[in-house]
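One structure is given here, and the rest of the page talks about it.
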Amino acid sequence: FQEDTDHNYYTSRTYGPYDSTSRDLWVNIDQMEKDKVKIHGILSNTHRQAARVNLSFDFPFYGHFLREITVATGGFIYTGEVVHRMLTATQYIAPLMANFDPSVSRNSTVRYFDNGTALVVQWDHVHLQDNYNLGSFTFQATLLNDGRIIFGYKEIPVAVTQISSTNHPVKVGLSDAFVVVHRIQQIPNVRRRTIYEYHRVELQMSKITNLSAVEMIPLPTCLQFNSCGPCVTAQIGFNCSWCSKLQRCSSGFDRHRQDWVDSGCPEESKDKICEKNIDTAGAPPYSTTTLQPTTTKFRVLTTTRGFTSSQLPTSLPTEDDTKIALHLKDNGASTDDSATEKKGGTLHAGLIIGILVLVLIVAAAILVTVYMYHHPTSAASLFFIERRPSRWPAMKFRRGSGHPAYAEVEPVGEKEGFIVSEQC
């Protein structure tokens, strides 16, 4: 069967197991060039992990060109730039997001293949961490340089609707969001990032079966227009506006939302008047091309759309308890923690080293003291006895508890006195 569904940004087509198109859309990685197929060692042997993968081409996702994505063991790809530990909330491409754990089976692998025009990520024989007996799952996501996204399913042992979401979200579809940076007045030089999900594609889980496939074709949106005239006159179902300061066409809701607001574009877009004569004879917003392996016509687009209102969306990312660790490098893939996490890790390591050094110094001092006490005629004991002052200065403590906040040493005598103030 075939089902067309318009999701504003994408049109999805679902192909059943008896449709020849579903077999054509499946990419057999085993028949690809061996040197281009990579098995990710870390992802294939761990649970709730994610790693960066660089693309050899520009992949348009909601109109934003990506050259780097994050592959997760949980059956999805994270597309955001701000790496955090709750990647399942927003900005994902999920052929089948669930609590998969490749480490529970030696046959489980996470592989990917990039031939310059498409990236295929395949989860091979992966099991659910909290329900191993349900069987192994094999599925893939293909990202093409024309913006199409294809989900292929080879082995789905149970109905997706039966997979538990208690320990991990279960999702099939797409999501995108924008990041807004808020300044905190009470704390200088500290900013808080808030992620707003402005669109989500939720596919029917009941349609996901063995040998099925889903093809998502991008639709035209505002970001594709590069001049004022075609932008403000566009009839594509989005409220497109032109911002002369940014020289950008947008609905105001995409990943560039922060620049759009900071540059005063919402006020400028109210007039919808171009400075020069409107040029309606520009290039068409998209071109029609023949796809392979199917003969379906599609539109090559690189754009996004948001809400028609000028208010921020109220949909915040769905929070869950999924914490995903990020790895730096493995088989050509890499991950980068945020600068804050890196700085925090450095400070933490420095603190541990400092404590160890202090413990060693105290231990050494105790050992020396014990040694001199039991060996009063040793060279060390005689050395300190010869240099002992005739009178020790008197200690004066701050009143209060038995543990003073600091101690001041007052001079006693004119020649050998000194003052010390030390913060504990």
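The values are calculated or read from the model by the stated rules, or taken from the named source; none is laboratory data. Quick caveat: nothing in here was measured; it's all calculated off a predicted structure. A quick note on method: Cβ atoms are made from the backbone with ideal geometry, for glycine too, and the neighbour counts reach across all protein chains shown. With ligands, DNA and RNA removed, areas are computed over all heavy atoms of the protein, side chains included. Shrake-Rupley method; radii C 1.70, N 1.55, O 1.52, S 1.80 Å.
List of remarks:
- Qualifying residue in segment 146-169 (condition: in a strand (DSSP E or B) and farther than 17 Å from Ser212 by Cα): no
- Helices (runs of 4 or more DSSP H) completely within segment 176-270 that count 2 or more residues being open to solvent by 60 Å² or more (accessible area, probe 1.4 Å): 257-262, 265-268
- With respect to being farther than 30 Å from Lys34 by Cα, open to solvent by 10 Å² or more (accessible area, probe 1.4 Å), in contact with a Phe, Trp or Tyr (Cβ under 9 Å, 6 or more places away or on another chain) and of a type in the set (Lys, Arg), Lys171 fits the description.
- Members of segment 135-152 that are within 12 Å of Gly75 (Cβ to Cβ) and of a type outside the set (Val, Ile, Thr): Phe137, Phe139, Gln140, Ala141, Phe151
- Options Arg111, Arg67, Arg106; residue that is among the basic types (Lys, Arg) and either outside the structural domain of Val214 (by the TED database) or touching a residue at least 60 places away in the same chain (Cβ under 8 Å) (or both): Arg111
- Yes/no for Arg67 being crowded, with 16+ Cβ neighbours inside 10 Å and either touching a strand residue (DSSP E or B) at 6+ places or on another chain (Cβ under 7 Å) or within 21 Å of Ser165 (Cβ to Cβ) (or both): no
Per-residue answers, yes or no, for (1) in contact (Cβ under 8 Å) with a residue 40 or more places away in the chain; (2) under 30 Å from Pro157 (Cβ atoms); (3) in contact with a strand residue (DSSP E or B) (Cβ under 7 Å, 6 or more places away or on another chain):
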{"position": "Ile187", "(1), (2), (3)": "no, no, no"}
{"position": "Arg192", "(1), (2), (3)": "no, no, yes"}
{"position": "Met216", "(1), (2), (3)": "yes, yes, yes"}
{"position": "Cys222", "(1), (2), (3)": "yes, no, yes"}
{"position": "Cys228", "(1), (2), (3)": "yes, no, yes"}
{"position": "Gly237", "(1), (2), (3)": "yes, no, no"}
{"position": "Trp242", "(1), (2), (3)": "no, no, yes"}
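- Residue, surrounded by the most Cβ atoms within 10 Å (Cβ to Cβ), within segment 113-147, restricted to residues that are over 23 Å from the mean Cα position of the chain (by Cα) and at positive phi: His125
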